[in-house]
Amino acid sequence: MSDLPNKSLTPATLPQECRPFGIYIHWPYCRSKCPYCDFFSQVPRHLDQEAIINSYLADLDYYHNLTPERLVSSIFFGGGTPSLLKPSLIEAVINHISRLWHVSPKVEISLEANPNTDNGTLFTDLKHAGINRLSLGVQALNDSDLKFLGRTHSLSQALNSIDKVLNTFTNHSMDLIYARPRQTLSDWQAELAQAASFGFKHLSLYQLTIEDGTVFARKGIQALSDDEAAPMYTYTCDYLHQHGYPRYEISNFAQPAYHSRHNLLYWQGDDYLGIGPSAHGRLSINGRFFALTHHLRQEELTPFERAEELLIMGLRLTEGINKNYFAERCGLNFDDLCNPQKISEFTTLGLLINNPDSIRLTDSGFLVMNKIIEELFL
């Protein structure tokens, strides 16, 4: 919030045009499909990047007419594999956004990149295009697990890309997947120590789950049980906290001041646009709240639907949910919506900390977050 014009104002009292506002650019195209991935993505033989980006620019024009006075605090190029995009086209998108909206002088402009797209100058080219935060999808730090996960880069390529990213950007993140089949706690402890030693500002660490419809599901690959995965997660939180990466969201850990400002828009219930196939957004206009979906579709959400989203997303945060902000965003009182008996039960069990102004999960609560969320609403 440091770039907002009046630091004494809270998000709930800021004029709408001054609240954090993000733009997500979805590039769903990849060189290959990872067997664990259940996101919408395509592996095309031929692609007219310029034509697709021109359609994105037209969509940005459309949404600008709905949000002309917003201040853009973040831009995020996600995928898919957006590092396959020509840097000149990335720059064109950033420049177009800058022409349409006011852009914060401290805007965060992130891009997800894979080591297999590094052509030697990729990261310097991305920086020159305007990217100031680079998220590197490494996923594993050994060749056998990289192969198992369907990654088309080697450990050597990953380490080379890591070195370039750290030397090119001052704001950077790395993704890893843990709880892989046959992975032991000691395996993960060694890998986590290596990951923390690189010096990234931010680490995103995701437990492997086998989703319906994926290659892994069709092959009958089994994820580790909760009893096997839970010690890995507990160790991760403790170890990273001790080494300067306190958890701020269930899967995200960062050095102070390096939280992903764009992803916080999702978790805190702020506004953002989604541009591109499978992208979605959330937009408040004149006291009404809309879900945005491709292509240029808006569906108004009821106050209860909005409250449900705020609960699901907000409890992912270590700081939890600010009840006043919750009420301001959906028009409903948090304590009136949730089952007081369940809140009392989870609090007694040491899974929730419930205060008059906020509610959050404890460390133990994060291990059973989905169950808590399912049972909280009346």
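The values are calculated or read from the model by the stated rules, or taken from the named source; none is laboratory data. Treat the numbers as computed from the prediction; the structure is a model and nothing was measured. We place every Cβ from the backbone using ideal geometry, glycine too, and count neighbours over all the protein chains shown. To get the accessible areas, we keep the full protein, side chains included, count just its heavy atoms, and leave off ligands, DNA and RNA. Shrake-Rupley method; radii C 1.70, N 1.55, O 1.52, S 1.80 Å.
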Checklist entry - For the residue pair Glu328 and Thr234, what label-to-label distance in nm results when each label sits 7 Å from Cα along the Cα-to-beta-carbon direction? => result 3.8
Checklist entry - Taking the Cα-to-Cβ direction at Gln222 and at Asn142 and moving 7 Å from each Cα, how far apart do the two end points lie in nm? => result 2.0
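Treating only the Cβ atoms of Lys and Arg (+1) and Asp and Glu (-1) as charged, compute the dipole magnitude of the range 203-350 about its Cα centre; round to the nearest 20 debye. Could you put the intermediate results ahead of the total?
Details: 12 positive and 19 negative charges, 82 e Å.
Using only the charged Cβ atoms, the result is roughly 400 debye.
Calculate how many DSSP beta bridges within the chain are antiparallel, expressed in % of all such bridges and rounded to the nearest 5.
Working: 23 of 57 bridges.
Of all bridge pairs located within the chain, approximately 40 percent are antiparallel.
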Checklist entry - Mind checking Rg over Rh on the range 251-357, alpha carbons, Kirkwood formula for Rh? => result 1.01
Checklist entry - Zone of Glu345 (label point 7 Å along Cα→Cβ, backbone N under 12 Å): which residues in the range 300-325? => result none
Item to check | In the range 320-351, trypsin sites (Lys or Arg not before Pro) in a DSSP loop with at most 11 other beta-carbon atoms within 10 Å | outcome: none
Next on the checklist: For the range 34-151, take the convex hull of the Cα atoms, compute a quarter of its surface area, and give me that in nm², please.
Outcome noted: 8.6
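Could you compute the FRET efficiency for Gln298 and Gln42, with r as their C-beta to C-beta distance and R0 at 25 Å, rounded to 0.05? Don't jump to the answer; show the numbers that get you there.
Numbers: r = 25 Å, r/R0 = 1.00.
That gives a FRET efficiency of 0.50.
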Checklist outcome for this item: Per-residue ellipticity at 222 nm attributable to helices in the chain (runs of n ≥ 4 DSSP H, -39500 (n - 2.57) apiece, nearest 500 deg cm²/dmol) works out to -11500 deg cm²/dmol
Checklist entry - Accessible area per residue of the chain at 1.4 Å probe, in Å²? => result 46
Next on the checklist: Which residue, Leu57, Ala140, Asn95, has the largest displacement toward the positive end of the dipole of the range 24-157 when charges sit on each Cβ (Lys, Arg +1; Asp, Glu -1)?
Outcome noted: Ala140
Checklist entry - With no solvent and one point on each alpha carbon, what is the Debye value of log10 I(q)/I(0) for the range 92-184 at q = 0.16, 0.20, 0.23 Å⁻¹? => result -0.70, -0.94, -1.12
Next on the checklist: With the crude spin-label approximation of a point 7 Å out along Cα→Cβ, what separation in nm comes out for Asn286 versus Thr209?
Outcome noted: 3.8
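Ignoring ligands, DNA and RNA, please state the percent of accessible area on the range 268-347 from carbon and sulfur, probe 1.4 Å.
Values: 1760 of 3710 Å².
The computed percentage sits at 48.
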Checklist entry - Taking the C-alpha atoms of the range 15-93, how large are the radius of gyration and the largest Cα-Cα span, Dmax, in Å? => result 14.6, 47
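Roughly speaking, to the nearest percent, how much of the range 87-144's 1.4 Å accessible area is carbon and sulfur?
Values: 1080 of 2200 Å².
Here carbon and sulfur together make up 49 percent of the probe-accessible area.
Considering only Cα-Cα distances, which of the following residue pairs are longer than 22 Å: Lys147/Lys219; Lys33/Lys371; Lys127/Lys147; Lys86/Lys164?
Numbers: Lys147/Lys219 15 Å; Lys33/Lys371 31 Å; Lys127/Lys147 29 Å; Lys86/Lys164 18 Å.
Checking Cα-Cα distances, Lys33/Lys371; Lys127/Lys147 exceed 22 Å.
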